[in-house]
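First the structure, in the form of C-alpha cells, and then the observations on it.
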Amino acid sequence: MGCVQSFRDMCDRQKNTNVRMSLPAVCFVWQTAMIILFGVFIRYNEEADTHWIEHRKKNNISSDIENDFYFRYPSFQDVHVMIFVGFGFLMTFLKRYSFGAVGFNFLIAAFGLQWALLMQGWFHALDYSDGKIKIGVENLINADFCVAGCLIAYGAVLGKVSPVQLLVLTLFGITLFAVEEYIILDLIHARDAGGSMVIHTFGGYYGLAISWMLYRPNLDQSSRLQGSVYHSDVFAMIGTLFLWMFWPSFNSAITDHGDGQHRAAINTYLALAATVLTTVAISSLFQKHGKLDMVHIQNSTLAGGVAVGTAAEFMLMPYGSLIVGFCCGIISTLGYIYLTPFMEKYLKIQDTCGIHNLHAMPGVIGGIVGAITAAAASESVYGAEGLINTFDFEGEFKNTDPTRQGGLQAAGLCVAICFGVGGGIMVGCILRLPIWGDPADDNCFDDEPYWEVPEDEESIPPILQYNNHMQNKDIAESNFTMDQN
Amino acid sequence: MGCVQSFRDMCDRQKNTNVRMSLPAVCFVWQTAMIILFGVFIRYNEEADTHWIEHRKKNNISSDIENDFYFRYPSFQDVHVMIFVGFGFLMTFLKRYSFGAVGFNFLIAAFGLQWALLMQGWFHALDYSDGKIKIGVENLINADFCVAGCLIAYGAVLGKVSPVQLLVLTLFGITLFAVEEYIILDLIHARDAGGSMVIHTFGGYYGLAISWMLYRPNLDQSSRLQGSVYHSDVFAMIGTLFLWMFWPSFNSAITDHGDGQHRAAINTYLALAATVLTTVAISSLFQKHGKLDMVHIQNSTLAGGVAVGTAAEFMLMPYGSLIVGFCCGIISTLGYIYLTPFMEKYLKIQDTCGIHNLHAMPGVIGGIVGAITAAAASESVYGAEGLINTFDFEGEFKNTDPTRQGGLQAAGLCVAICFGVGGGIMVGCILRLPIWGDPADDNCFDDEPYWEVPEDEESIPPILQYNNHMQNKDIAESNFTMDQN
Amino acid sequence: MGCVQSFRDMCDRQKNTNVRMSLPAVCFVWQTAMIILFGVFIRYNEEADTHWIEHRKKNNISSDIENDFYFRYPSFQDVHVMIFVGFGFLMTFLKRYSFGAVGFNFLIAAFGLQWALLMQGWFHALDYSDGKIKIGVENLINADFCVAGCLIAYGAVLGKVSPVQLLVLTLFGITLFAVEEYIILDLIHARDAGGSMVIHTFGGYYGLAISWMLYRPNLDQSSRLQGSVYHSDVFAMIGTLFLWMFWPSFNSAITDHGDGQHRAAINTYLALAATVLTTVAISSLFQKHGKLDMVHIQNSTLAGGVAVGTAAEFMLMPYGSLIVGFCCGIISTLGYIYLTPFMEKYLKIQDTCGIHNLHAMPGVIGGIVGAITAAAASESVYGAEGLINTFDFEGEFKNTDPTRQGGLQAAGLCVAICFGVGGGIMVGCILRLPIWGDPADDNCFDDEPYWEVPEDEESIPPILQYNNHMQNKDIAESNFTMDQN
C-alpha cells in the first residue's frame, strides 16, 4: 500500500482543468480511427442488406415481418432511451452538475457504442469467410448494453473526473467488457439475458475500483455542491422513471424470439414493482419522522431490475420475480443508509451515485439467483424442447444438465467480479496520471470547469452576490488583522 | 347530512403526519401478501411459457412473430410511460409538491398493478382446469389500465392526503375497478377499448366522491402553495405531452389485432389534434388580454383522447373523431373556468387537478358517443364479418343487434358512474378515520411532511433573504465608515 | 430593396399583442374547416377498415401481423415523440420562453398534421374510384414529417412572432411542403427517406427567409432575455436527447419493409454517434479554456441525423455513415460559432435557434450525399433485385439507371431550396402585415405577452420582495388610518 500512496502523491500535482487540446485531440483521433476500422471491418448483415430479398427467397421466409428488425427494434429503442435519457438524467441530481451528467453521459455513450460494435463484433459476429463483421439490430442493442457498463462506472466517479478521463475509462471499459462477455457467454456458456453479471456486476466493480484508485481525501472541500436542489431531484426522477419503465425491454431485448422475450418482460415488470414498495418502506423506516429520501426513491427502486437480469428468461415464476424484487429493495436501500458512508470512511471508496447499492450488489444477487434458478430447472417445468431452447443445450453443450449449468452461471459471476475489480485498478492507475485535466478537490461536482455555464439570475441576485463578496473580503481582512495581532 | 358532519368533526383531530410506522407496515404486509397470492395463483400463459414451442406446433402457428407479445408490446410500453411519466409529471405543476406527485404516483402504481393482476385475473383469466391465473402481455396492459383509474382519483386529492391513504385508496379502487369492469364488459357485454367508461368515468367520480368526503373548509390556509411556478409548469408539460402522444397506443392497446388496433390509433390521433385547437381558442377567449392559461393547455388538450376511448375501435370515421375532439376541448376548458370554482364553492368538492374536466366529464361524453356509434352501426358500413368482429357478436351474444348494443353501452356507463360515486363515498369514509397521517389544512400541497426536502438556496424565503440583505448592508455601511476614517 | 424597406416601415406600427379575438377565431374557423374537409374526403384505408378481414382473405395474407400497422407503428410513435417532445423541448432553452416553445409547438403541430393529411392525401393517397383519401399509419407518419418542416421554420423566428403568425406560417408551410414533396418524390422521382431535402432543406430555408422578411433592427432591446439559465438548458437537453435517440426511427419510418427499415436505422444510429464526438471536439477547441458550449451540444449533435436522411436507405455502408456524421458535427458547430453571427450582422437574418446550422446546411449536405450515393450505386453492391427495390426502378422509371438517379436527386435538392426561399419570402410578406399581434422589439423572447405566467417567488430578487412587502404594509396602514378618520 505504501507504493500506491507514493504513486498517488506523485500524481496529485497542481490541477489544470483546461482540456482545450486534449479533449478535441482525443475526439478527433479516436473518431477517425473508428471510421478506418469500420471501413475495414463492418458491413450490414443479411437482414439489413439489399440482398435480403434474395436471402428471404433462399431461406423460404414468408414475409418481411420475420426480419429480426421487427422482433427487436421496439426493444432497441427502449434500451436506447435508457442509455441516453435514463442514465443521463438519473445523474442530474447534483445541484450544479447537470450539464456534466447529461452531456458527458452523451459523449461517452456515443463513442462507446462505436467501439463496442467493433470489439463485440470481433468476438461474436465475425464472418470468417470474408473477415467482416456483419451488423444488424441485435448488434446495436449489444453495443448499447456494452456502453451501459461504462455508464455505471461513470456513476461512481461522477463530478470528480474530466471528460478526457471518461473517454479513457470508456475505451478500456468497453475492451474489458467485450473480453469478459466472450469468456462468460461463449467459453463458460453462462446465460445472462439482462446482464446482471456481464453488465451490472462488471460495471459496478469496475467503477468502484477506479473510484478507489482516484480517492480524494479532501473531497469535503466540495461538500457545498455535493447535494441536490429541488428541481435537480425532479430532473433525476425523469431518469429513474425511464430506466424503471423500460427495464423490461432491457432484460428482454436479446432473449429468444417468442416466449423468451415475453417471459423476460413479465418477470422484470414484476420484480421492479415489488422493489418500489420495499424501497419506500425501508426509506421511511430508517429516517427521522418517517420521511422519504429522494436518493432511495431515485435509485433503489431500480435494483429489482438489475437482480432479475440473469434469471428473467428462465422459468423464475411470477412470485419468484416478486421475491427477488422484494429483497433487493431492502438490501439496496440499506446499502445507501449504511454501506455507502462506511465504504467512504473505511474503504476509501467515494461512490457519488451509490452504484454499489444499485448495480454491484444487485448484480451479484442477480448472478446468484440465476445460478440457483438454472440449477433447479427441470424438464417437468420447462418441457423437453423448452429446456434445450432456454439454456441453449445444443452443439458443444448438448450434454450439459441444469445442475452443471448452475455451476457455470456461478463461474461466470466470478469472472465478472474479477474483471471489474482488476480492470478498474489498472484503469484507475492510468487515470491518476496528472495529464488528464481532472478538477481540484474544491472544484468537484461543478460544471464550471468544463462548461460555459449561463449566468443565472434566478439563483443569486446580483446585489446579494456583491454583498456576499464584500462580506467574505471583510472577514478575510479581519482574519488577516487578527493574525497580525 | 348532519351525521356526515358530525362524523367529519370526530375525524378532524390534531394531525400527525409521521408515517414512520404505518407506511412501512402497509408496504411490507401488502407486498408479502402479493408474493403469497402470486405464488398460489399466478403462472405464465402459453405464449410466455417455455412450452410455447410445443403450443406453436400444436396450433400450427407459422412463426414466433405471431406471439401476442409482438402485437402488443410496443403499445404496452407506451401505456407504461403514460402511467408513470404521464400521470406522474402531469401532477408536478404545484410549486412544492413535485416529489409527492411523481413519487406517490410511482408508489401506488407499483402496488396497484400487482393487485390488479390478481383481481382482473380472478375475473377474466382464471384457468378453471388448474385454478391458476395465466398472464401474458395483455394482462400487463390491463393492469396498467386498472392502475390508471386510481391515478385519476389521486388527481382530485393531490396534496391533501398521506401516502398511506393513497395506498388504501388504491387497494379499494383496484378492487372496485375489477368488479365494475367485469360487470360492464362481461355481463353487460359493452365494448370499451380505451376505457372512457371503465377507466375515466369510474376513476373520475371515484376521486371526486373521495374528495367530497375529505372536504377541508380551511384549505385556503395552504393557498400560498396552491399554484405553480415557472419551472413546475414546464415539468408538467412533460406529463401532458407523453400522455397526449401515447394516447393512441392507450386506446388501441387491447383492441383486436389488425384493423382494430390500426383504426383505434387513427381515431385517437385525430381527436386529440382537434382538442388542442379548441382548447387554445377557449383559453384565449375567456382570459383577460387573450393570454393562454397553462392549466388548460396541460389538461384540456387531453380530453379528446378520453372522449374517443369507447368509440375508437368503431367506424367513428376520421371526421367523427375530429368532432368529438372539437367539442371536448371546449367543454373541458369551460369546465376549468366555471365548473371547478363552482364545485368547490357550492358542492364542497375540492378537485386539485380538475379531474372532473379532464376525466369524468369527457369520460361520460365518451360513453355516450360510444353508445350512439354502436347503435348506428350497420352491415353496409362494417361489412358482415366486420360487424361481428368489432362488436364481438359471438357465442352468447350472437343475436345482439347494433341498436341493442347501443343500449348496453349506455347501461355500462351508468354502472361506471354508480361504482365511482358509491365506491368513492365508501372509501372516503374510511379515509377520514384519524389514523392515516394526513396533513393539516395549513400543511397541504407541501412535500415537507413526507419527504426529506433538500435545502434549496433558490427558494430561501424572502424574510430570510431580507435579513441577509440587512446584515450585508450593515457590513457595507461599516465598511463605508471605515473608509471615511 | 427600397420597396421592401418602405413596405417594412409601413408594417412597423405600434404593436398590440392582444390576440383575444384573432387566435380563437383562427382556431375555430380552421378546425371547423378541417372537420368539413375530413367529412368530404377522408376515410380509413383497407388496413384500418373493418373490411380488413375480407381484404386479408382476398389477398391471401396469412396473418394480422402483416398489417402495415405492425411494420410502422413503433416508428410512428417515436416520430410523434420527436415532433412534440423533441422539437418542443429543444426550444425551451431561452430563460423565459419555455411556455411559448412547448405550447406553440404543440398548437401548430396539432393543426398542421390535420392539414397535412389533407394536402398530402390529395397528392398521394386519393382513390380516384370514389374521390376519397384513404389513410393509414403511413399517412400519419407523413403528416408528422410534414409538420416537422414547419416546426423547423418556427426555430428561426422563435420568440419573435405571435401564435396567429405561427398558424399562418404553418398553413402555408404545409401547403408548400405538399406541393414540393409531390414534385420531388413523384414527378422527379428522387428518393428521400428521412427528408434531408424535402423536410430539412425546405423547412430550414423557409424559416430563414421568413426571418429575413421579419428582420428586427432593434432586437437587442430584448437581449436580457435572449439567453438561457441553468435549468432551461437542462430542459432543452430533454428535447435534444429524444430527437437524437429516435432519429433512426425518423429516417426508417417510411422506408421499405424489411431491409430498408433495418438499414436506414443502422446508418442513422452510426452517423449520429460520430457527430457527437466532432461536435464536442470543435466546441471545446474554439472556446476560451476549452469549455463546452451547451448550444452546440444541444443542436449540432443532431446534424448527422439530418445529413444522412436521404442516403439512409441506400448502401451507404457503416463507415460512410460515420464519415457523414463526422463532417456534419464539424460544419454545424462552426456554423454556430461563425455563421450565425455573420448572418445576423450582414445578411439581416436573425436565426434564434440556429436552424441554418442544424437543418438547412446539413439538409443540403444530405441531398448531395444522397445524389452521390445514388449515382455510385451498382448491381454488384445492391444485387439486381435490390437495386430495383431500393430505388424503385419500376413502372415509368424502369429504365432509370443509377447515374441518372443521382442527377434526379440533385434536381430534387434544387427544388427544395427554391420552394423554401421563395415560399418563405412570400409568407414573410404576409406575416409583416400589422394585424397579427406580434410583440414589440423589447418584448421578444418573453412568455408574458401570450401566457398567464405564474408569479414566481424564485425569480423576484429579495430587495424587490421586501419593498413589495413594505409597500403593501404601508398601503394597509394608510387604509387603517383612513378608516379611523
> If you take the residues in segment A:224-237 that are more than 7 Å from chain B (Cβ to nearest Cβ) and in contact with a Ser or Thr (Cβ under 9 Å, 6 or more places away or on another chain), which one is nearest to B:T92 (Cα to Cα)?
Replying inline: A:F235
> Residue check: is A:I388 more than 30 Å from B:N45 (Cβ to Cβ) and either free of Cβ contacts under 8 Å to residues at least 60 places away in the same chain or among the β-branched types (V, I, T) (or both)?
Replying inline: no
>> Can you find, within segment B:258-281, the residue that is surrounded by the fewest Cβ atoms within 10 Å (Cβ to Cβ) among those that are within 27 Å of B:L94 (Cβ to Cβ) and either charged (D, E, K, R) or more than 7 Å from chain C (Cβ to nearest Cβ) (or both)?
In response: B:L272
> Which condition breaks for A:G309 when tested against (1) more than 7 Å from chain B (Cβ to nearest Cβ); (2) part of a helix (DSSP H, G or I); (3) touching a Gly at 6+ places or on another chain (Cβ under 7 Å); (4) not β-branched (V, I, T)?
Replying inline: (2)
> Quick check, is A:H200 surrounded by fewer than 24 Cβ atoms within 10 Å (Cβ to Cβ) and of a type outside the set (G, A, S)?
Replying inline: no
>> Looking only at residues that are in contact with a helix residue (DSSP H, G or I) (Cβ under 9 Å, 6 or more places away or on another chain) and free of Cβ contacts under 8 Å to residues at least 60 places away in the same chain in segment B:58-76, which one is surrounded by the most Cβ atoms within 10 Å (Cβ to Cβ)?
In response: B:N67
>> Here's a check for you: in segment A:34-43, which residue that is buried (at least 24 other Cβ atoms within 10 Å of the Cβ) and in a helix (DSSP H, G or I) is farthest from the other protein chains (Cβ to nearest Cβ)?
In response: A:M34
>> Taking the conditions exactly as written (surrounded by fewer than 23 Cβ atoms within 10 Å (Cβ to Cβ), without any contact (Cβ under 8 Å) to a residue 60 or more places away in the chain, within 13 Å of another protein chain (Cβ to nearest Cβ) and in a helix (DSSP H, G or I)), does A:H296 satisfy them or not?
In response: no
> If a residue has to be part of a helix (DSSP H, G or I) and either within 21 Å of the chain's Cα centre (by Cα) or surrounded by 19 or more Cβ atoms within 10 Å (Cβ to Cβ) (or both) to count, how many in segment A:342-355 make the cut?
Replying inline: 3
> Does segment C:93-111 hold any residues that are more than 9 Å from chain B (Cβ to nearest Cβ), more than 20 Å from C:R224 (Cα to Cα) and not hydrophobic (A, V, I, L, M, F, W, C), and which are they?
Replying inline: C:N105
> For segment A:287-314, which residues satisfy the criterion of being more than 15 Å from A:I199 (Cα to Cα) and within 16 Å of the chain's Cα centre (by Cα)?
Replying inline: A:Q298, A:N299, A:S300, A:T301
>> Quick check on this structure: which one of C:T170, C:T175, C:T201, C:T255 is within 30 Å of A:H80 (Cα to Cα) and either modelled with pLDDT of 95 or more or more than 14 Å from chain A (Cβ to nearest Cβ) (or both)?
In response: C:T201
> Is it the case that some residue within segment B:422-433 is on the phi < 0 side of the Ramachandran plot and modelled with pLDDT under 90?
Replying inline: yes
> Can you tell me which residues in segment B:249-258 are closer than 23 Å to B:G354 by Cβ and in contact with a Ser or Thr (Cβ under 6 Å, 6 or more places away or on another chain)?
Replying inline: B:N251
>> I need the full set of residues from segment A:112-126 which are at the interface with another protein chain (Cβ under 7 Å from one of its Cβ atoms) and either of a type in the set (S, T, Y) or touching a residue at least 40 places away in the same chain (Cβ under 8 Å) (or both), in order please.
In response: A:Q114
>> Condition first: of a type in the set (G, A, S) and crowded, with 24+ Cβ neighbours inside 10 Å. Now tell me which residues in segment B:282-293 satisfy that.
In response: B:S283, B:S284
>> As an exercise: evaluate A:G407 against (1) more than 14 Å from chain B (Cβ to nearest Cβ); (2) crowded, with 17+ Cβ neighbours inside 10 Å and give the number of the one condition it does not meet.
In response: (2)
> Can you name every residue in segment C:313-325 that is more than 17 Å from C:G367 (Cβ to Cβ) and either at pLDDT below 95 or crowded, with 24+ Cβ neighbours inside 10 Å (or both)?
Replying inline: C:M315, C:M317, C:P318, C:L322
>> For segment B:245-252, check the following and say yes or no: at least one residue is facing chain C (nearest Cβ under 8 Å), in a helix (DSSP H, G or I) and among the aliphatic types (A, V, I, L, M).
In response: yes
> Can you name every residue in segment B:127-137 that is within 11 Å of chain A (Cβ to nearest Cβ) and either out of contact with any strand residue (DSSP E or B) (no Cβ under 8 Å at 6 or more places or on another chain) or surrounded by 22 or more Cβ atoms within 10 Å (Cβ to Cβ) (or both)?
Replying inline: B:I133, B:I135, B:G136, B:V137
>> Against the definition (touching a helix residue (DSSP H, G or I) at 6+ places or on another chain (Cβ under 9 Å), surrounded by fewer than 24 Cβ atoms within 10 Å (Cβ to Cβ) and of a type in the set (S, T, Y)), how does C:T310 come out, yes or no?
In response: no
>> Looking only at residues that are charged (D, E, K, R) and under 15 Å from C:W247 (Cα atoms) in segment C:57-92, which one is farthest from the other protein chains (Cβ to nearest Cβ)?
In response: C:R72
>> Restricting to segment C:118-142, give me the number of residues that are part of a loop (DSSP other than H, G, I, E, B) and either closer than 16 Å to C:E181 by Cβ or acidic (D, E) (or both).
In response: 1
>> Suppose we filter segment A:198-227 for residues that are among the polar types (S, T, N, Q) and closer than 17 Å to A:L169 by Cα; how many remain?
In response: 2
> For segment B:44-56, which residues satisfy the criterion of being more than 7 Å from chain A (Cβ to nearest Cβ) and under 22 Å from B:V147 (Cα atoms)?
Replying inline: B:N45
> Only one of A:V81, A:V161 is under 18 Å from the mean Cα position of the chain (by Cα) and modelled with pLDDT under 95; which?
Replying inline: A:V161
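The values are calculated or read from the model by the stated rules, or taken from the named source; none is laboratory data. In this text, all values refer to a predicted model and were calculated from it rather than measured experimentally. Here the Cβ is made from the backbone with ideal geometry for all residues, glycine too, and neighbour counts use every protein chain on show.
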